[in-house]
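Inspection log for the structure reproduced underneath, given as structure tokens.
All of the numbers you see were taken from the coordinates with simple rules; none came from a lab. Model, not experiment: these values are computed from the prediction. Backbone-built Cβ (ideal geometry, glycine too); neighbour counts: all protein chains shown.
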Amino acid sequence: MSDPILPPDDALDVETLKRYLPHRPPFLLIDKLSHIKPNESAIGWKAVTINEPHFAGHFPDFAVMPGVLIVEAMAQAAGALVVHSLGVADRHKRVFFLTIDKARFRHPVVPGNMLRIPVRAIRRRGPVWRFMGTAYVGNTLCAEAEVGAMIQTSSTDGGYGDDTPDRDR
């Protein structure tokens, strides 16, 4: 079976994703989540539109979605998969982006594109997860990266928590 080009009708919608992620527009960068295999993989979806605020300056004469926002969309798809897998929707939670590795940007993403963002879990250690993410328009690979993040559901710890590897903050 080939990869889908458009999200299926039974994909989780943006209202469900708002229960999963702390992000809100304009920084909620995925519209749907589909093909969910708990603790393993999912596909995030983003309809790229010209009215998004970053296009006013990136770039006025040739609107291109910033690569860092594509990587953020990967992380949000991964975060939604984790929350779905753990069954912790609607709980007070924080997601801390810990690492971005092996990021490559291969093709511009422009308004009018439907961005398909498959994410696959590579590793989990306690609350810290690592994912491989890719971003496609149609069958064209636009970006790829490994991302690491930690989900925190406790409202008592104001920082990264004791389970996070030591690093400069």
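Kindly put Lys37, Lys93, Lys32 in sequence by how many other C-beta atoms sit within 10 Å of each C-beta, fewest to most.
Lys37, Lys93, Lys32
On full extension of the chain, what length is gained from Asp90 through Asn139, given 0.36 nm per residue of separation minus the C-alpha to C-alpha distance?
Additional length available on full extension: 14.2 nm.
Counting other beta carbons within 10 Å of each residue's own, what order do Leu141, Leu21, Leu98 fall into, fewest first?
Ranking Leu141, Leu21, Leu98 by Cβ neighbours within 10 Å, fewest first, gives Leu141, Leu98, Leu21.
For segment 14-152, what D do you get in µm² per second when you plug the Kirkwood radius from alpha-carbon pairs into Stokes-Einstein at 10 °C and 1.306 mPa s?
106 µm²/s
At 222 nm, what helix-only mean residue ellipticity would the chain give, in deg cm²/dmol to the nearest 500, using -39500 (n - 2.57) for each DSSP H run of four or more?
The helix contribution divided over the chain gives -5000 deg cm²/dmol.
At a Förster radius of 35 Å, what calculated FRET efficiency corresponds to the Cβ-Cβ distance of Thr16 and Phe59, to the nearest 0.05?
So the FRET efficiency works out to roughly 0.55.
Between Val68 and Arg125, what is 0.36 nm times their sequence separation minus the Cα-Cα distance? Round to one decimal in nm.
Result for the pair: 18.0 nm of gain on full extension.
Where in segment 1-63 are there chymotrypsin sites (Phe, Trp or Tyr not before Pro) that are in a DSSP coil and have at most 15 other Cβ atoms within 10 angstrom of their Cβ?
Taking segment 1-63 and a limit of 15 other Cβ atoms within 10 Å, the loop chymotrypsin sites (Phe, Trp or Tyr not before Pro) found are Phe27, Phe62.
What is the set of long-range amide H partners of Asn39 at a cut-off below 5 Å, with H atoms built 1.01 Å from backbone N?
Distant-sequence amide H within range of Asn39: Ser85.
Please report the spacing between the Cα centers of segment 15-66 and segment 90-125 in Å, no decimals.
One Cα centre to the other: 10 Å.
Estimate the FRET efficiency between Arg104 and Ile5 by the formula 1/(1 + (r/R0)^6), using the beta-carbon distance for r and 22 Å for R0, to the nearest 0.05.
Rounded to the nearest 0.05, the efficiency is 0.50.
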